[in-house]
Amino acid sequence: MKTERPVIFSGIQPSGILQIGNYIGALRYFPLLQDDNQCLYCIVDMHAITVRQDPAKLRHNSRSLAALYLACGIDPKKSIVYIQSHVSAHAELAWILNCFTYFGELSRMTQFKDKSAKHADNINAGLFTYPALMASDILLYQAKAVPVGDDQKQHIELTRDVAIRMNNIYGDDLFIVPEPLIHKTGSKVMSLQEPTRKMSKSDADETFVSMLDAPEIVKKKLKRAVTDSLGRVTYDAQNQPGVSNLLTIISSLTNKPMDALVASYEDKGYGALKADAAEAVIETLGPIQAEHARLMNDTAALDAILKGGAERANVLANRTLDEVKRRVGFTAR
Ligand code: ATP
Ligand code: LTN
C-alpha cells in the first residue's frame, strides 16, 4: 500500500476508562499529527479481551473511548477512527505474523510478564501472542510512526523485528518498518499510590486519575498521592518518585519547563504541589469531559463515524493483507 502522506497508527484498549497517563503519554499527541499525516486511531477491543471483560462494559467503554478520541481533538474528517474488531484483516494478518514470531521473543515481553502475574488464573494464549496482533495493527497500514507511551517501546521493537524478518524473506517492499514516537516528558506517568509503578487504568481506582473524574475526585486523589518525608520539591525520579511524578504531570499539562517549575516551589511545600497538580488536571479535563458528554448523548452519530472509519480502514488493510497472502504463497480465491 502506498499512500501519499506518511501513515501514523496508534491504538488504545477499551479495558476501562482512560487515565491521565494515557492522555499525557499518548493521546494528547494524536490530534497534533493529523494535519501532516494519514492517521489511524483504533479502539483495540480485540486486545482488551486478553484480560476478562464484562461484555456490556466492553461495549460501553469502546464507544466511550471513541468519544474521548474525538473530544481530545481527533477529527474524523482528517483521521480514521474505528474499532479493531470491525476490520477482520487485523485478525487475519495476526495469524500470519504469529508464524514469524518466536516463542522466545514473546516470552521476553514485560507486559506479558506483568499481566501474567496480575491475572495468574487466566494466562491465555491471546495474552501471550498479543504483540503479534499489535504488529498486525501497525503493519497492515504501512505505518511509519506509532505514538505511544514508554511501556509500548518493547512491542514496537518486536514489530520492527518481525517486519524486517518478513521483508528479508519476501521482499523489502512488503512492510514499512515503523518507528516508535515517544516524547521525553510524560511518557511514563506513575501510580499515585505506588510511584515506582506505572499508572494503569486497570489498577485500583485510587492509583490513577480517570479522564472522566469530577473535579472534587481529582482533588481528593491528588491530595492523597504518595510523596515522601524529605519535604523538598526537586525532580529526582530515583529518590523522590512521587514528587517527581506530580512535577511531570504539571509540566506536561502546562508546558512549563521542568527547571522553572521546580524553581517556583523553592519556598512552597507538598500541599501547594498537589493543589497545582489538581488544578492543571482539572483545567485540561474540563473541556474534554464536556465534549465527551455531548458526544455520548448522540450514540447514533458516534456509531456512524465508527462505521465510516471501519470502511476506510478496511480498504487500506486489505491491500496489505492481499499482498502478504500472495507473497507467502496462499492461492487466490
Ligand atoms: P491497562 O491497564 O488496561 O493495561 P493502560 O492504562 O496500561 O491499560 P493502554 O491501553 O495499555 O493503557 O495504553 C494506551 C496508551 O497509553 C499506550 O500508548 C501506552 O503506552 C500509554 N500509557 C499507558 N499508561 C501510561 C502511563 N502511565 N504513562 C504514559 N503513557 C501511558
Ligand atoms: N498494546 C497497546 C495498545 C495497542 C497499540 C496497537 C498501540 C494495540 N495495538 C498498535 C499502538 C499501535 C497498549 O497496551 N497500550
**Item:** Residues (away from ligand 2 (no atom under 11 Å from the Cβ) and either among the small types (Gly, Ala, Ser) or crowded, with 18+ Cβ neighbours inside 10 Å (or both)) located in the stretch 113-126
**Value:** SER116, ALA117, ALA120, ALA125, GLY126
**Message:** Considering only the stretch 197-204, I want to know if a residue exists there that is outside any strand (DSSP E or B), touching a helix residue (DSSP H, G or I) at 6+ places or on another chain (Cβ under 7 Å) and either among the polar types (S, T, N, Q) or at pLDDT below 95 (or both).
**Reply:** yes
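Between ASP45, ASP35, which is more than 8 Å from ligand 1 (Cβ to nearest atom), among the acidic types (Asp, Glu) and surrounded by fewer than 19 Cβ atoms within 10 Å (Cβ to Cβ)?
Only one candidate passes the filter, namely ASP35.
Within the stretch 217-244, work out how many residues are polar (S, T, N, Q) and surrounded by fewer than 19 Cβ atoms within 10 Å (Cβ to Cβ). Give the steps one after another, and end with the answer.
Pass one, the stretch 217-244, residues polar (S, T, N, Q): 227, 229, 234, 238-240, 244.
Then drop every residue that is not surrounded by fewer than 19 Cβ atoms within 10 Å (Cβ to Cβ), which leaves 229, 234, 238-239.
Looking only at that region, the number is 4.
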**Message:** On the basis of being away from ligand 2 (no atom under 12 Å from the Cβ), assigned to a helix (DSSP H, G or I), surrounded by 15 or more Cβ atoms within 10 Å (Cβ to Cβ) and among the basic types (Lys, Arg), does ARG59 make the cut?
**Reply:** no
**Prompt:** Is it true that some residue in the stretch 293-305 is surrounded by fewer than 19 Cβ atoms within 10 Å (Cβ to Cβ), closer than 18 Å to ILE96 by Cβ and of a type outside the set (D, E, K, R)?
**Reply:** no
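Rundown of residues vs (1) under 15 Å from ASP151 (Cβ atoms); (2) away from ligand 2 (no atom under 11 Å from the Cβ); (3) not aliphatic (A, V, I, L, M), yes/no style:
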position	(1), (2), (3)
ARG5	no, yes, yes
ILE8	no, no, no
GLN19	yes, yes, yes
TYR23	yes, yes, yes
ARG28	no, yes, yes
GLN34	no, yes, yes
ILE43	no, no, no
ALA48	no, no, no
ARG52	no, yes, yes
**Item:** Breaking point among (1) of a type in the set (Val, Ile, Thr); (2) within 22 Å of the chain's Cα centre (by Cα); (3) closer than 17 Å to SER251 by Cβ, for THR207
**Value:** (3)
**Item:** Failed condition for LYS198, given (1) more than 16 Å from ligand 2 (Cβ to nearest atom); (2) charged (D, E, K, R); (3) under 30 Å from ALA293 (Cα atoms)
**Value:** (1)
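The values are calculated or read from the model by the stated rules, or taken from the named source; none is laboratory data. Nothing here was measured: the structure is a model prediction, and the numbers come from that model. Virtual Cβ from ideal backbone geometry, glycine too; neighbours counted across all protein chains shown.
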